[in-house]
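One structure below.
The values are calculated or read from the model by the stated rules, or taken from the named source; none is laboratory data. Note that the structure is predicted; figures quoted are calculated from it, not measured. FYI the Cβ positions are ideal-geometry reconstructions off the backbone, even for glycines, and counts take in every protein chain you see.
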Amino acid sequence: MITAGEWFGGSLSPVATRSRREARRESANPGWGTGPRTRVGSVGQRFDRAARWVHRRRRRLSRRLAARFRPRTMPRQAWLLLWLTALAVVVALTGVMAPQWAPTSAMVFVLLLGGFFLRMRTMVLLYLVAAAGAALTVSVPDASGVRTRPGDLLLLGATAVLVALFVRSRERLGVQGTLGDTMLVDLRDRLRSQGRVPPLPAQWHVETELRPAYGDSFSGDFVVATRTPRDEHDLLEVVLVDVSGKGQGAGTRALLLSGAFGGLLGAMPPEGFLPAANAYLLRQDWPEGFATAVHLAVDLRSGDFTVSCAGHPPPGTGGAGSPWRLLDDDGGPALGLVPDVEFPAVRGRLLPGQALYLCTDGMVELPGEDLSVGTETLLRLASEACRAGWREGAAERLVDAAAVEETDDRALILVWRTA
């Protein structure tokens, strides 16, 4: 009689094997095996295994299709050049046989596609193919009477020059297609996200409004804000910075400074922020490395605040029966100009119903007028808005009411406290 050990070649018996299987299932599914022979979770496991199998099959199929239509032995640029060359040949032959459907200027489409996907070296080869195709279209006489106009050749040449400039500028960034634009949009969104004010108690409201010069997407003005509990204080710190320059030229420096200032803000006492920011700018040694800034620190429990300026216009405050006035702030010089300089702070308290604004020089500079004229105008507009009552969108309406020119970046931060 053959024993179980002999049958399985000395392995475990079926009973032992089954008990081990049950132990593994029990550890994976605690509810399995209790009461009648029910298998809790077995259906879900089967669905998971099926989903993983479908995912693996889909990835394998996509790799096979990619290998079929784009051989691994051929570089990507050569493969793209091959397809665009075939397209150029089709356009040229169509222009010979049916010029009314594919004139010589149709080769512009091929050049534009090459400008988005090819590098400069392979783009030169595509230029040669396009030139040969255009020459073929021009040289072959057409019985239908459709002739190539000189304007078509001029259009083709102008497009080739513009595409070459586009490809060369794109290669400086090391990107292809519209990836450079996507990167710029991502950088712009990151710059704006760093200026978001953290959630505040119900009685506190902060609004920021940034207007780049000439309606550009990038601005030399940016905001950094943080909320930090310190001992018995709940401190809100807001910094408004105006980088030298305007528009896209100052946008790159604003992005770098916003990251650096965001790391400094909240990591040190409020009185140490502007000196640390000044030292950082001096270390950069930029040709236009200066910036103006105003730093506001508000205790959200008591309403006490301190304001320090570095070359910025003085802030304004008022409301709740108090007349609107400019804070007496001599301030300090712009950041990045003088080492080891002090930035005096002005102290005050925001009571319920009162407000305070911070602004850049773009909000108070009027053509042909002294800076004090724009400052008084903004102060009067804030007083009128305060009497009408603060509500959502107050900062945007205040910037619109200022009606200053769009030749400079404009920024305004409005802080008010309700009862």
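Residue pairs whose Cβ atoms lie under 7 Å apart, sitting 6 or more positions apart in sequence or on different chains, and linking a residue in segment 90-102 that is closer than 10 Å to Thr137 by Cα and touching a residue at least 12 places away in the same chain (Cβ under 8 Å) to a partner that is among the polar types (S, T, N, Q) and not in a helix (DSSP H, G or I), are Pro99/Ser144. When Leu337, Leu366, Leu356, Leu327 are checked against the criterion of being under 19 Å from Ile413 (Cβ atoms), out of contact with any Cys (no Cβ under 9 Å at 6 or more places or on another chain) and aliphatic (A, V, I, L, M), Leu356 stands alone in meeting it.
The residues of segment 333-354 that are out of contact with any Phe, Trp or Tyr (no Cβ under 8 Å at 6 or more places or on another chain) and closer than 17 Å to Arg283 by Cα, listed by number, are Pro333, Val338, Pro339, Asp340, Val341. The single residue among Arg149, Arg172 that is at pLDDT below 80 and surrounded by 12 or more Cβ atoms within 10 Å (Cβ to Cβ) turns out to be Arg149.
When the residues of segment 297-311 are filtered to those that are among the charged types (D, E, K, R) and part of a strand (DSSP E or B), the one that is surrounded by the most Cβ atoms within 10 Å (Cβ to Cβ) is Asp299. Which one is farthest from Ala291 (Cα to Cα), of the residues in segment 353-383 that are in contact with a helix residue (DSSP H, G or I) (Cβ under 8 Å, 6 or more places away or on another chain) and free of Cβ contacts under 8 Å to residues at least 40 places away in the same chain? Looking at the filtered set, the residue picked out is Leu381.
One residue alone among Val373, Val307 is β-branched (Val, Ile, Thr) and at pLDDT 90 or above, and that residue is Val307.
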